[in-house]
Amino acid sequence: MKNQIIKAPESAVYLSDFMTEIPINCLFNKKQTGCGATELAIRNSIPTIIAMPYVALVKNKTLYRKDGISVLGVYEGVTEQDIIGYAQTHTPLKIATTYDSLPRTITALQATGIDPYKDLFLLVDE
C-alpha cells in the first residue's frame, strides 16, 4: 500500500475546513477525535454507511441532530423494514449502524436493489 500524507493547514479546526470527502480505500489516521470526520461523511453528498462500536455513538449522530439532516440509526430494535423504508425515501443515504447491525443493514439494502459494496461508502468509525 502506498502511503500518502495529507497535512492540514495551520488554520484548520475541522476536516471540512480543507476536505470535501474522506479518502477511499485507506486507513485514515487523524490522530485526534472531534475533528469532524464523521460529520464530513454525513454532510457530503456521498451515500454512506457509518459503522460504530456503540449504540450511544449511533444515537449521537442520528437522534440528537439539530441540523435537520436525516441519518438513520440502526441498532437493536430497528427492523429490516425500517431500513428498507428509509432507503426507498431518502437520498443520499446516510446510515449510522453499530458493528453488530452492519450485516442486517447490508441485507436490507440488498433487498431494495442497492448494492452496498458498490453504491455506498463505508466509514468504520472509532
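A single member of 113, 36 is at positive phi and under 15 Å from the mean Cα position of the chain (by Cα), and it is 36. Those strands (runs of 3 or more DSSP E) of the stretch 31-126 in which at least 1 residues are surrounded by fewer than 17 Cβ atoms within 10 Å (Cβ to Cβ) and out of contact with any Leu (no Cβ under 6 Å at 6 or more places or on another chain), considering only elements entirely within it, cover 121-124.
When the residues of the stretch 53-70 are filtered to those that are farther than 15 Å from residue 125 by Cα and within 13 Å of the chain's Cα centre (by Cα), the one that is modelled with the highest pLDDT is 70.
The values are calculated or read from the model by the stated rules, or taken from the named source; none is laboratory data. All values reported here derive from a predicted model rather than from experimental measurement. A quick note on method: Cβ atoms are made from the backbone with ideal geometry, for glycine too, and the neighbour counts reach across all protein chains shown.
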